[in-house]
Amino acid sequence: MRGRPGAPPALLAFVLLLLPLLTTSAGTAAAAGLSRLTLPDGASLAAEVMISADERHHGLTGRASLAEDRLMLFAYPDDGVHHVWMKGCLFAIDVAWIDAGGTVLAVLEALPPCPREPCPIYGPEIDSRYFVEGVAGWLKARGVAVGTRIGVGPVREGPVREGP
């Protein structure tokens with residue numbers, strides 16, 4: 001009796017096409033992990049952490065929303081000038097740029113989605129280690145302003161598929 005030689009080529013091709021969608025959230029890059037951010041108002045919110053260049057490039061692209069108690073932290077290995085591009089973002093966001101010690105260096109509020117190119121690029125021309133994105137209004141609601149501090153907790157490794 002002969003055993004089955006393996007999956008048919010068409011099935012294998014189909015699985016390979018679906019694999020990226022199974023490992024990401026809403027067809028975008030999954031976060032490298034989850035951290036907790038301690039905000040000036042004392043709240044401790046979960047933050048999806050984007051560490052790799054691919055994760056940082058995709059960010060909120062294609063996401064319908066982000067829960068009001070959830071943030072996205074873009075982490076870089078070194079200080080540098082880091083900008084935000086709203087291409088593919090479907091809702092307005094607030095952004096805070098933070099140094100390695102947690103001090104907020106700059107903020108921008110209610111950056112609008114960009115439905116089609118060309119999309120503007122936003123951000124200060126200053127070195128930062130991180131920036132944090134959240135739904136428009138989170139900065140004021142949580143008391144985040146230039147000079148305040150945001151505590152960045154340890155990153156729990158692994159793909160994050162929580163939230164909208």
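The values are calculated or read from the model by the stated rules, or taken from the named source; none is laboratory data. Owing to the predicted nature of the structure, the values given are computational and were not obtained by experimental measurement. Glycine also receives a Cβ, built like all others from the backbone with ideal geometry; neighbour counts cover every protein chain displayed.
If we keep just the residues of segment 86-98 that are in a strand (DSSP E or B) and in contact with a Leu (Cβ under 9 Å, 6 or more places away or on another chain), which is nearest to residue 63 (Cα to Cα)? That would be 93. Of all the criteria given as (1) over 19 Å from residue 144 (Cβ atoms); (2) touching a strand residue (DSSP E or B) at 6+ places or on another chain (Cβ under 8 Å); (3) modelled with pLDDT of 90 or more, the one not satisfied by residue 77 is (2).
Yes/no per residue for (1) over 19 Å from residue 47 (Cα atoms); (2) modelled with pLDDT of 95 or more; (3) not charged (D, E, K, R):
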position: 81; (1), (2), (3): yes, yes, yes
position: 95; (1), (2), (3): no, yes, yes
position: 109; (1), (2), (3): no, yes, no
position: 127; (1), (2), (3): yes, yes, no
position: 139; (1), (2), (3): no, yes, yes
position: 149; (1), (2), (3): no, yes, no
position: 157; (1), (2), (3): no, no, no
position: 162; (1), (2), (3): no, no, no
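Condition first: over 12 Å from the mean Cα position of the chain (by Cα) and at pLDDT 95 or above. Can you find one or more residues in segment 45-53 that meet it? Scanning segment 45-53, I find at least one residue that is over 12 Å from the mean Cα position of the chain (by Cα) and at pLDDT 95 or above, so the answer is yes. One residue stands out among those in segment 56-66 that are touching a residue at least 60 places away in the same chain (Cβ under 8 Å) and in contact with a strand residue (DSSP E or B) (Cβ under 8 Å, 6 or more places away or on another chain): the one that is surrounded by the fewest Cβ atoms within 10 Å (Cβ to Cβ), which is 65. Residue count for segment 93-116, restricted to those that are small (Gly, Ala, Ser) and under 10 Å from residue 133 (Cα atoms): 1. Consider segment 116-149. How many of its residues are polar (S, T, N, Q) and in a strand (DSSP E or B)? So the answer is 1. Filtered by the rule that a residue be within 19 Å of residue 52 (Cβ to Cβ) and more than 13 Å from the chain's Cα centre (by Cα), segment 65-80 gives 77, 78, 79, 80.
Okay, residues lined up against (1) in a strand (DSSP E or B); (2) buried (at least 16 other Cβ atoms within 10 Å of the Cβ); (3) aromatic (Phe, Trp, Tyr):
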position	(1), (2), (3)
33	yes, yes, no
54	no, no, no
68	no, no, no
76	yes, yes, yes
79	yes, no, no
100	no, no, no
105	yes, yes, no
